[in-house]
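**Student:** Quick one: this structure, given as structure tokens, is what I'll be asking you about.
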């Protein structure tokens, strides 16, 4: 069951705003966990297919050709070599958590008022999920939505809970949901915080990204047949 089905959104909403994961249990060795799709991802129907994905490719690859293409679109291109096929991307939430990704007039045509409220509360969860439950408004709905999103994420990570896969949560939201809901988080999740690749953070947090790349290279080396 998709997250949209769990939250009882209409099929029209899922068709417009749902972006599936980009990974394969038999191939993915490095799995990035991001927050949620935004406008570029809705256009390409691939995670990390805009500026966020471009920032990732620039730091992950030495190949200049790869550096010019967002990571999601690189992985989505089945003609690329095994270097790319090692990577996968999954979002905490398969629809946008940021309310500004939506056209309100369009939402009114494909969502009832209850579901629009859910989207508004998801936006607040995104901003405050890691601040010790300080959200008072819509407290019960907030808890319910957190649980649905978290359990859905955990179910999608089934199949990657082994030493063959290194899971890298990027940003505070991804780290919070992984720590709270991924039942095998102590097993194969990178131990230090990695910033989200948006807003130039992978350029600014140079030490963190170098450390991440060292972990990635070491993992890929260790699992070579």
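**Student:** Tilt of helix 113-128 relative to the longest C-alpha principal axis of the chain, in degrees (0 to 90, nearest 10)?
**Tutor:** That helix lies at roughly 40 degrees to the long axis.
**Student:** Arrange the following residues from fewest to most other Cβ atoms within 10 Å of their Cβ: 7, 166, 220. Before the final figure, lay out each step's value.
**Tutor:** Values: 7 20, 166 23, 220 14.
If I rank by nearby Cβ atoms, fewest first, I get 220, 7, 166.
**Student:** So what's the Cα pair-distance distribution over region 1-113, bin width 10 Å, in %?
**Tutor:** 14, 44, 27, 13, 2
**Student:** For region 46-90, compute the orientation-averaged projected area of the C-alpha convex hull (one quarter of its surface), in nm².
**Tutor:** Working: hull surface 11.0 nm².
About 2.8 nm², averaged over all directions.
**Student:** With 10 angstrom as the radius, rank 62, 77, 208 by how many other C-beta atoms surround their C-beta, starting from the fewest. Present the calculation step by step, with values, prior to reporting the outcome.
**Tutor:** On the way: 62 7, 77 11, 208 15.
Final ranking by Cβ density, sparse to dense: 62, 77, 208.
**Student:** Viscosity 1.567 mPa s, temperature 4 °C: what is the translational diffusion coefficient of region 3-222 from Stokes-Einstein with a Kirkwood Rh over Cα pairs, rounded to a whole number of µm²/s? Don't skip to the answer; put the middle values down first.
**Tutor:** Details: Rh = 17.8 Å.
Rounded to a whole number, D works out at 73 µm²/s.
**Student:** Restricting to bridges with both residues inside the chain, how much of the DSSP beta-bridge set is antiparallel, in percent to the nearest 5? Show your work: numbers first, answer last.
**Tutor:** Working: 1 of 12 bridges.
Roughly 10 percent of the beta bridges in the chain run antiparallel, per DSSP.
**Student:** May I ask for the equivalent-ellipsoid semi-axes of region 47-122, computed as the square root of five times each C-alpha gyration tensor eigenvalue and listed largest first in whole Å?
**Tutor:** Working: eigenvalues 226, 26, 22 Å².
Working through the eigenvalues yields semi-axes of 34, 11, 10 Å.
**Student:** Determine, from the Cβ-Cβ distance of residue 221 and residue 98 and an R0 of 22 Å, the FRET efficiency 1/(1 + (r/R0)^6), rounded to the nearest 0.05. Please report the intermediate quantities before stating the final value.
**Tutor:** Working: r = 37 Å, r/R0 = 1.68.
Approximately 0.05, to the nearest 0.05.
**Student:** So how compact is region 101-189: Cα radius of gyration and Dmax in angstrom?
**Tutor:** Every Cα atom of region 101-189 included, Rg and Dmax give 15.2, 46 Å.
Bear in mind that the values in this text are calculations on the coordinates, not laboratory data. Quick caveat: nothing in here was measured; it's all calculated off a predicted structure. Don't worry about glycine lacking a Cβ; one is built from the backbone with ideal geometry, like all the others, and counts go over all protein chains shown.
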